[in-house]
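Notes follow once the structure below has been shown.
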Amino acid sequence: MPLVAANGLAFHVQEVGAGPPVVMIHGLLIGSLASWYFTAAPTLARSHRVRVYDLRGHGRSERATTGYDVRTMASDLAALTADLDVPFDLVGHSWGALVALRFALDHPERVRRLAIVEAPMPPSSVTEMAAFLATDGDLPDRLIDALPAQLRDAIAGGGRRSERLLQSLQFLLTGSSLLADLRNEPDVDDAELARLRCPCLVVYGDRSACAPAGARLARVVVGARHVVLPGGHYLHLDARDALTSALEEHLRG
Amino acid sequence: MTNGRDDILKVVETLVVEIAGDELLLAGPITMATSFNGDLELESIEFVALAEKLQHHYGAKVDFVGWISTKELDQIIALTVGELVEFIASCRS
């Protein structure tokens, strides 16, 4: 089912495995469905029907010029899961975790279990963005400085892949409303977080700038399980096996 | 290399070109030693597309995702065409 129409855009969707459904959402900019496809998804697919998709403007989904706010992206998620006839599990990384959280708050009857990985709270603190938001520069140099070393080296090395990544970043940062949407994204307040009722796993890296958000979620979300893993913001890369185990355990319930 | 592997290599090359364009072949034909990441510079999302096309071509018997689940991230990043061809051959035997 590679391309699926939703909210007037074509989304790239992939599904692997069989069993109860779990939907996994990636983070912004350098993320794509491949972020999960090559990390936690293959293991979860042994016991689950795992659906992953490229967020609007990312990977092979259509390059939308607007709609990078969490509510619009949660409505993309609603449209892309409308065919699932049972409550499903939701896993999100970074901005994708904010989208998952918003969806779980607005559609509690649709979500069985929720896993929040490295959600930036407040949203404008998203690691990839923090440095970039501070400037109005039109080249993503600062963003590149904030990337995991492996990726930064790949870009520095030049070549086909780095050119394509830079083109994609250029579009998102200068040809779309993404930065403005991020700046304007409101935080989720404690009273709303306290209304979350589905079992919730909260995972953060011990070296991540987002880590204080994990402590806050653990304090405010009723019954949340808080796991801290060795790594930074990109935990699916920094702690792939440990993160996968934590997700497996949570979804097994 | 057996004929089976020659055929699989040809299929992989055809599918890679379908996904990423034939300029990938400018540096020479794809061989068993070619790496997806270092030599072809495939994007990870293109590698997903390759997995999907292989699944369509060979059917459920080739469990690419199950195979990936047994590999370390470093091994995935260093994956060569030859390793993929051997994996497909092993599924078909």
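No value in this document is a laboratory result; all are computed from the given coordinates. Since the model is a prediction, treat every value here as computed from it, not as a measurement. Positions of Cβ are generated from backbone atoms using ideal geometry, with glycine treated the same way; all protein chains shown enter the neighbour counts.
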Check which residues have an amide H placed less than 5 Å from residue A:19's amide H, if you skip close sequence neighbours. A:49
Among B:43, B:72, B:13, which one shows the biggest mean-square fluctuation in a GNM of chain B, springs joining Cα atoms closer than 10 Å? B:72
For a Förster distance of 56 Å, can you work out the FRET efficiency between the beta-carbons of residue A:166 and residue A:197, rounded to the nearest 0.05? 0.85
Once each part is reduced to its C-alpha centroid, what is the distance from region A:202-225 to region A:7-72 in angstrom? 23 Å
For chain A, what is the calculated [θ] at 222 nm in deg cm²/dmol (nearest 500), taking -39500 (n - 2.57) for each run of four or more DSSP H residues and dividing by its residue count? -11000 deg cm²/dmol
Kirkwood Rh in Å, taken over all unlike Cα pairs in the protein assembly as shown: 20.7 Å
Per residue of A:33-39, what is the mean number of Cβ atoms on other protein chains within 10 angstrom of that residue's Cβ? 5
Can you show me the helix-derived [θ] at 222 nm for chain B, built from DSSP H runs with n ≥ 4 at -39,500 (n - 2.57) apiece and divided by the number of residues, rounded to the nearest 500. -18500 deg cm²/dmol
Over chain B, calculate the relative contact order: mean separation of alpha carbon pairs under 8 Å at least 6 apart, over the residue count, as a percent. 44 percent
Region A:164-184 and region B:17-93: distance between their alpha carbon centers, rounded to Å: 30 Å
Two-site label geometry, residue A:248 and residue A:109: point separation in nm, points 7 Å out along Cα→Cβ: 3.5 nm
Could you give the angle, 0 to 90 degrees to the nearest 10, between helix A:70-80's Cα long axis and the longest principal axis of the Cα atoms of chain A? 60 degrees
